[in-house]
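Notes for the one structure printed next.
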Amino acid sequence: MSVWYLYEPDEKFTFTKDGDRITFGRDDDCDLIIFSAINRESLSRVAGRIWRYEGELWVRNLSEKHELWITQPGLPPLPPLPPRDPARPDPGAAQTIPGDLAYIQGPDGCVLVVAQQRIEPALPAVLDDRPTTSMPPIPSYLRPVAIALCEPLLQGKQLPASYEEVQRRLVNRSRKQIRDLVKRLCDLYLTEVPELRERVEARRRLEERELGLPATPTIVHKGIRLFGPVLDEDQEIRRRRALALPDYYEVAHLLVRRRQITIDDLALLHRD
């Protein structure tokens, strides 16, 4: 397990046992100094800490003014670690660093490379009695539109593709056909994955409250609430609704998180 500053790959810090730790930032007292930030002020003097615990590496954001981002090649970025709150006792947000290769990024050129070969801990045969959420496979006729939707996420962006972007990738489909295919994809996973449906409904309620939107009508089918089209909206409501996340936001992220769509699938689009 090792960490190094992207622009100084010869200066590596290794973590051979639990408890090994380093700090990083622009201050001379840090173990790993971000030299690109020394003459600037965006990166905190002590920006973060990395340590080894139970055979894996963790990172904590020690800054009170900026976020830290963790990314993996070919996967969407994780939610950023927020800055510490100086108004209360706050040790700083922390999380494990995933994967065999990851990057920790901050302002002023702070890019740390994290390489770790994990030793998987022995897990009990049964963790608990809760049912495991199953993921239905993507039907073959929906796979091209699913790949096109997820392409920006696989390239490290936060939002899936728009209908217009999907149409540019699937030139043999009309906009109406694409909307229909996306709706079929969403209905499949909203029906089969209750946790996803609950997350979408919670997000919609929040948007309706914060953006002053009228409630989106739902259609009940076999006891499952699905989202229906919105008709006869005035211009102001349409403008506000344009600020909301697309209906398929959670579905696209779920497909990438569960590796139903991976970066290898993009080759199918490039051949079209």
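Check P144, P160, P152 and return the single one that is outside any helix (DSSP H, G or I) and either of a type outside the set (S, T, N, Q) or closer than 23 Å to T262 by Cβ (or both).
P160
Every residue, every condition in (1) in the same structural domain as E54 (by the TED database); (2) small (G, A, S); (3) surrounded by fewer than 10 Cβ atoms within 10 Å (Cβ to Cβ); (4) at pLDDT below 85, yes or no:
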residue	(1), (2), (3), (4)
R84	yes, no, no, no
A87	yes, yes, yes, yes
P91	yes, no, no, no
A94	yes, yes, no, no
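Take the conditions surrounded by 14 or more Cβ atoms within 10 Å (Cβ to Cβ), at pLDDT 90 or above and touching a helix residue (DSSP H, G or I) at 6+ places or on another chain (Cβ under 8 Å) and apply them to L43. Does it pass?
Spelling it out, L43 is indeed surrounded by 14 or more Cβ atoms within 10 Å (Cβ to Cβ), at pLDDT 90 or above and touching a helix residue (DSSP H, G or I) at 6+ places or on another chain (Cβ under 8 Å).
Report those strands (runs of 3 or more DSSP E) wholly inside segment 13-103 carrying at least 1 residues which are out of contact with any Ser or Thr (no Cβ under 8 Å at 6 or more places or on another chain) and of a type in the set (G, A, S).
Working: elements: 21-25, 48-53, 56-61, 69-71, 94-96.
Because the criterion is at least 1 residues that are out of contact with any Ser or Thr (no Cβ under 8 Å at 6 or more places or on another chain) and of a type in the set (G, A, S), the strands (runs of 3 or more DSSP E) in segment 13-103 that meet it are 94-96.
Count, please, the residues in segment 46-72 that happen to be open to solvent by 30 Å² or more (accessible area, probe 1.4 Å) and either assigned by the TED database to the domain that holds A267 or over 16 Å from V3 (Cα atoms) (or both).
Selection size over segment 46-72: 5.
The values are calculated or read from the model by the stated rules, or taken from the named source; none is laboratory data. Here the structure is a predicted model, which means the values were calculated and not measured. With ideal geometry, Cβ positions are generated from the backbone for all residues, glycine too; neighbour counts draw on all protein chains shown. For the accessible areas, the whole protein counts, side chains as well, though only heavy atoms, and no ligand, DNA or RNA atoms are used. Shrake-Rupley method; radii C 1.70, N 1.55, O 1.52, S 1.80 Å.
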